[in-house]
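Below is one structure, written out as structure tokens, with a few remarks after it.
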Amino acid sequence: MDWLTLFGTGLGVTAVVMLLTWMWAVKINNYGIVDAAWAFCFFLQAIIFFMLSDGFETRKIILLFMIGLWSSRLGFFLTRRLYRLHPEEDSRYKHLRADYQEKLKSKFLVFYFYQALSVSILTLPFIWVFNNSDVRINIFEMVGAAYWLFSVMGESIADYQMGLFKKMSKENPKMGKTCNIGLWKYSRHPNYFFESNIWWGFFIFMIGSGVYWGVYSAIIILLLLLKVTGVPPSEEQALKNRGDEYREYQRKTSMFIPWFPKA
């Protein structure tokens, strides 16, 4: 099937999912649920591409597994966090509430549709990979899959260590409020670092199908993590909640790329 039909089908289905998610968000008065829906929609689009594309079956299965595992892990992680915090919303959505004011529902609906569009834009390069009929799995695809797996494991370890620290700090308040164990000793945001690298793994895999221009997806994710939805709000909230303790952590610890802490 041609790329335009696949793109339109994926976008249409994702838009319907986002509309249903918006309706649910209005009902429970928590617009932060869009984060989890956004993560799961990548798997949904991958399933659509897998079913409707004409590429080599083994390559399609490998890519579906890669997207599906990443999407599901992130989606369930965000769902657990949303469930734990509900009805409290993430600070980003509190700020949006203040901006939208009397047109709250309609503006959030537009925001949700933008999320559907963002998923389709980021997954667009995958269409060419799913349609690649070459029966050889080449070195770029093998390296890309290996790098992706390494990054998924790194992000999973970072999330596990953060959960472990929260449990330990509740039992021993002297540990403080700032996680500095394991990977968090070398980076203030190792989860975001490995999240970015997951997408670089996807890009390396794309190169095997000649989709060099797919690099824009990895760049967008990197910029979002560094400048928009990742590091900035996390740092702002940490400074607000932990004050000088976090400022000292900032002074000693690399922001993004893991590196040895300063003395």
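Computed across region 138-263, the Kirkwood hydrodynamic radius from all distinct Cα-Cα pairs reaches 15.7 Å.
Close amide-amide hydrogen proximity is noted between GLY208 and GLU141, each under 5 Å apart and 5 or more residues distant or on a separate chain (H modeled in the peptide plane; Pro and chain starts excluded).
Put in line by how crowded their Cβ is, counting other Cβ atoms within 10 Å and starting with the fewest, LYS105, LYS185 read LYS105, LYS185. For region 178-185, backbone phi angles converted through the Karplus equation (6.51, -1.76, 1.60; θ = phi - 60°) give residue-by-residue couplings of 9, 5, 9, 10, x, 5, 6, 6 Hz, Gly and Pro being listed as x. Here SER120, SER133, SER72 are placed in order of increasing Cβ neighbour count within 10 Å, fewest first, which gives SER133, SER72, SER120.
Segment ALA98..ARG242, full-extension length gain: 49.4 nm, with 0.36 nm per residue of separation and the alpha-carbon distance subtracted.
Compute the FRET efficiency between MET175 and ILE257 as 1/(1 + (r/R0)^6), taking r as their Cβ-Cβ distance and R0 = 22 Å, and round to the nearest 0.05. FRET efficiency, MET175 to ILE257: 0.30. Once C-alpha pairs closer than 8 Å and six or more residues apart are averaged by separation and normalised to the residue number of the chain, the relative contact order reads 20 percent. By the Cα gyration tensor, the chain has an equivalent ellipsoid whose semi-axes, rounded to whole angstrom, run 33, 25, 14 from largest to smallest. Each Lys and Arg Cβ is given +1 and each Asp and Glu Cβ -1; about its Cα centre, region 1-135 then shows a dipole of about 540 debye. Name the shape class, rounded, prolate or oblate, that the alpha-carbon gyration tensor gives for region 38-167, where a ≥ b ≥ c are the square roots of its eigenvalues, rounded holds for a/c under 1.5, and otherwise prolate holds if a/b is larger than b/c and oblate otherwise. Note, shape of region 38-167 comes out oblate.
Annotation: amide H-H contacts under 5 Å for SER187 (H modelled 1.01 Å from N, sequence separation of 5 or more, or interchain): TRP259. From least to most packed, judged by other beta carbons within 10 angstrom and beginning with the fewest, THR79, THR5, THR14 follow the order THR5, THR79, THR14. Couplings for region 247-254, taken from phi via the Karplus curve 6.51 cos²θ - 1.76 cosθ + 1.60 with θ = phi - 60°, read 4, 5, 5, 4, 5, 8, 10, 4 Hz in order; Gly and Pro are left as x.
Using C-alpha pairs below 8 Å separated by at least 6 residues, the relative contact order for region 1-135 is 43 percent.
Take each peptide in 234-241, 211-218, count the other Cβ atoms within 10 Å of every residue, and average; sorted highest first, the result is 211-218, 234-241.
Listed values for region 45-55 are Karplus-derived 3J(HN,Hα) couplings in whole Hz (6.51 cos²θ - 1.76 cosθ + 1.60, θ = phi - 60°), namely 5, 4, 5, 4, 4, 4, 6, 9, 8, 10, x, and x replaces Gly and Pro.
Throughout, read-outs are computed from the coordinates displayed, never taken from laboratory work. In this text the structure is predicted, and so the values were computed from the model without any measurement. Methodologically, a virtual Cβ is constructed for each residue, glycine included, from the backbone with ideal geometry; neighbour enumeration extends over all protein chains shown.
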